[in-house]
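Data first, discussion second: the structure below is written as structure tokens.
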């Protein structure tokens with residue numbers, strides 16, 4: 001139930017995020033979600049796409065440095081405390097969150113994408129507490 005995320009390392013200058021998005025658009029690859037973090041000189045653009053292998057090839061073909069990471073997407077109840085309840089479970093288990101970002105699906109439910117230092121242990125603990133882990137099929141509508 002881990003997802004493959006692409007992290008692009010982009011020089012922090014005008015047009016680089018657009019170029020990355022244009023590369024995917026011209027390749028017919030849709031972005032499910034993305035997050036941008038920056039430093040003074042470089043940014044990290046994190047992207048979830050259905051066909052991550054092809055997207056990675058397209059980026060590398062255009063000289064973009066890409067890293068593939070495993071992340072975990074969780075369904076979060078869209079109510080006060082929905083995320084706090086999940087964070088309680090993670091904290092009780094001593095699991096570390098490296099970063100996270102969220103988005104809404106068409107159904108109106110919240111999804112939070114987590115990068116854990118131990119994703120397998122996080123998945124096991126979360127599922128044992130009834131928290132729904134979202135896989136490729138649910139996120140992208142594929143197997």
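Under 16 Å from the mean Cα position of the chain (by Cα), within 17 Å of residue 103 (Cβ to Cβ) and in contact (Cβ under 8 Å) with a residue 40 or more places away in the chain, is that true of residue 47?
Working: under 16 Å from the mean Cα position of the chain (by Cα): yes; within 17 Å of residue 103 (Cβ to Cβ): yes; in contact (Cβ under 8 Å) with a residue 40 or more places away in the chain: yes.
Here the answer is yes, as residue 47 does meet what is asked.
What number of residues within the stretch 130-143 satisfy the criterion of being free of Cβ contacts under 8 Å to residues at least 24 places away in the same chain and either farther than 16 Å from residue 50 by Cα or in a helix (DSSP H, G or I) (or both)?
Count: 3.
Checking residue 49 against (1) surrounded by 15 or more Cβ atoms within 10 Å (Cβ to Cβ); (2) touching a strand residue (DSSP E or B) at 6+ places or on another chain (Cβ under 7 Å); (3) outside the structural domain of residue 19 (by TED's automatic domain parsing), which test does it fail?
Exception for residue 49: condition (3).
Restricting attention to the stretch 113-126, and to residues there that are in contact with a strand residue (DSSP E or B) (Cβ under 9 Å, 6 or more places away or on another chain) and surrounded by 13 or more Cβ atoms within 10 Å (Cβ to Cβ), which single residue is farthest from residue 98 (Cα to Cα)?
So the residue we want is 126.
Can residue 103 be described as surrounded by 12 or more Cβ atoms within 10 Å (Cβ to Cβ), without any contact (Cβ under 8 Å) to a residue 60 or more places away in the chain, closer than 20 Å to residue 46 by Cβ and touching a strand residue (DSSP E or B) at 6+ places or on another chain (Cβ under 9 Å)?
Values: surrounded by 12 or more Cβ atoms within 10 Å (Cβ to Cβ): yes; without any contact (Cβ under 8 Å) to a residue 60 or more places away in the chain: no; closer than 20 Å to residue 46 by Cβ: yes; touching a strand residue (DSSP E or B) at 6+ places or on another chain (Cβ under 9 Å): yes.
When the stated conditions are applied, residue 103 does not pass them.
Select from the stretch 63-86 the residues that are under 14 Å from the mean Cα position of the chain (by Cα), under 15 Å from residue 134 (Cβ atoms) and surrounded by fewer than 18 Cβ atoms within 10 Å (Cβ to Cβ) and list them in ascending order.
70, the sole residue that qualifies.
With respect to residue 63, determine if the residue is assigned by TED's automatic domain parsing to the domain that holds residue 33 and more than 14 Å from residue 46 (Cβ to Cβ). Can you show your working first?
Working: assigned by TED's automatic domain parsing to the domain that holds residue 33: yes; more than 14 Å from residue 46 (Cβ to Cβ): yes.
Judged against the criteria, residue 63 is a match.
Can you say whether residue 102 is on the phi > 0 side of the Ramachandran plot and modelled with pLDDT under 95, as far as the supplied structure shows? Talk me through it step by step, then tell me what you get.
Details: on the phi > 0 side of the Ramachandran plot: no; modelled with pLDDT under 95: yes.
So residue 102 does not fit the description; no.
Quick one: would you say residue 92 is within 13 Å of the chain's Cα centre (by Cα) and either surrounded by fewer than 12 Cβ atoms within 10 Å (Cβ to Cβ) or not assigned by TED's automatic domain parsing to the domain that holds residue 127 (or both)?
Working: within 13 Å of the chain's Cα centre (by Cα): no; either surrounded by fewer than 12 Cβ atoms within 10 Å (Cβ to Cβ) or not assigned by TED's automatic domain parsing to the domain that holds residue 127 (or both): yes.
Here the answer is no, as residue 92 does not meet what is asked.
If I ask for residues that are at pLDDT below 95, assigned to a strand (DSSP E or B) and crowded, with 17+ Cβ neighbours inside 10 Å, which ones from the stretch 1-31 would you list?
Answer for the stretch 1-31, where residues must be at pLDDT below 95, assigned to a strand (DSSP E or B) and crowded, with 17+ Cβ neighbours inside 10 Å: just 10.
The values are calculated or read from the model by the stated rules, or taken from the named source; none is laboratory data. This structure is a prediction, so every number in the text was calculated from the model and none was measured. All Cβ positions, even for glycine, are placed from backbone atoms using ideal geometry, and neighbour counts span all protein chains on display.
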